[in-house]
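Participant: This is the structure, below, for whatever I ask next.
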Amino acid sequence: MSRSFKGKPILPGNLEGEALVTHVGFNTYASFYTSIHAQVEAAQCADSGNQELHGKNLTDKIICLPQTIGSTSAGAVWQRVAQMGVAPKAMLFSQQIDSLAAAGLVVADVWVGKRIYAVDQLGDEFLESVKDGDRIVIREDGTVTIR
């Protein structure tokens, strides 16, 4: 049975992919630390503080999260993982996107030409419903369906 949620499209588009879920803040720099300092074909989450994602492949996944945390380096990290071709497909936020994540994702889109789709304000029920491996469909209007 599928469930749909309506959020606010930040970087809109139509996309389908596999969910990867965390219920704690996503530290962009810590998560991609190892990947941005080496030549890799896939980005493995290096953030040992995030036990839900640590060691998992982030590349081409749809990351479902409450919000991001971390420093102002996040924008440069998004640009780098986009340039390297190891970025997630999308970021789906249960809460409102923070300015650092929004700026970094826009930089990846505009400067690198790699859109990492983003929808925010999907709500706590979305984050409670989605599980690792679920098939996710994102629509341009901010509708997210868990299949």
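A short reminder: the numbers here are calculations on the coordinates, not readings from a lab. These numbers come from a predicted model, not from an experiment. For neighbour counting, all protein chains shown are included, and Cβ atoms are generated from backbone atoms with ideal geometry for every residue, glycine included.
Participant: Run the numbers on the chain and let me know its relative contact order in percent, using alpha-carbon pairs under 8 Å that are six or more apart.
Facilitator: 36
Participant: Under a crude label model (7 Å from the Cα following the beta-carbon direction), how far is Ser2 from Ala76 in nanometres?
Facilitator: In this crude spin-label approximation the distance works out to 4.2 nm.
Participant: Please give every one of the aspartates and glutamates within straight-line cross-link reach of Lys56, meaning a C-alpha to C-alpha distance under 17 Å, and leave out same-chain neighbours fewer than 8 residues apart.
Facilitator: By straight Cα distance, Lys56 reaches Glu18, Glu41, Asp47, Asp132, Asp134.
Participant: Only Lys, Arg, Asp and Glu count, each charged at its Cβ (+1, +1, -1, -1), so figure out the dipole size of the chain about its Cα centre, rounded to 20 debye.
Facilitator: Details: 13 positive and 16 negative charges, 50 e Å.
Dipole of the chain, to the nearest 20 debye: 240 debye.
Participant: Return Lys131, Lys114, Lys56, Lys61 ranked ascending by Cβ neighbour count within 10 Å, so the fewest neighbours appear first. Don't skip to the answer; put the middle values down first.
Facilitator: Numbers: Lys131 11, Lys114 18, Lys56 15, Lys61 25.
If I rank by nearby Cβ atoms, fewest first, I get Lys131, Lys56, Lys114, Lys61.
Participant: Over the alpha-carbon set of region 82-147, divide Rg by the Kirkwood Rh and report the Rg/Rh ratio to two decimals. Before the final figure, lay out the partial values.
Facilitator: Working: Rg = 12.5 Å, Rh = 12.8 Å.
Rounded to two decimals, Rg/Rh equals 0.98.
Participant: Count the net charge of all other residues whose Cβ sits under 12 Å from the Cβ of Ala74, scoring Lys and Arg as +1 and Asp and Glu as -1.
Facilitator: Values: positive: Arg80; negative: Asp98.
The answer is 0.
Participant: Using a Förster distance of 30 Å, how high is the FRET efficiency between Tyr33 and Thr145, based on the Cβ-Cβ distance and rounded to 0.05?
Facilitator: Details: r = 33 Å, r/R0 = 1.08.
Efficiency at R0 = 30 Å is approximately 0.40.
Participant: May I pose another question? Only one of the values (i) 129; (ii) 105; (iii) 89 was calculated from this structure for volume of the Cα convex hull per residue in Å³; name its label.
Facilitator: (iii)
Participant: Arrange Val137, Val110, Val119 by Cβ neighbour counts within 10 Å, fewest through most, would you?
Facilitator: Lowest count first: Val110, Val137, Val119.
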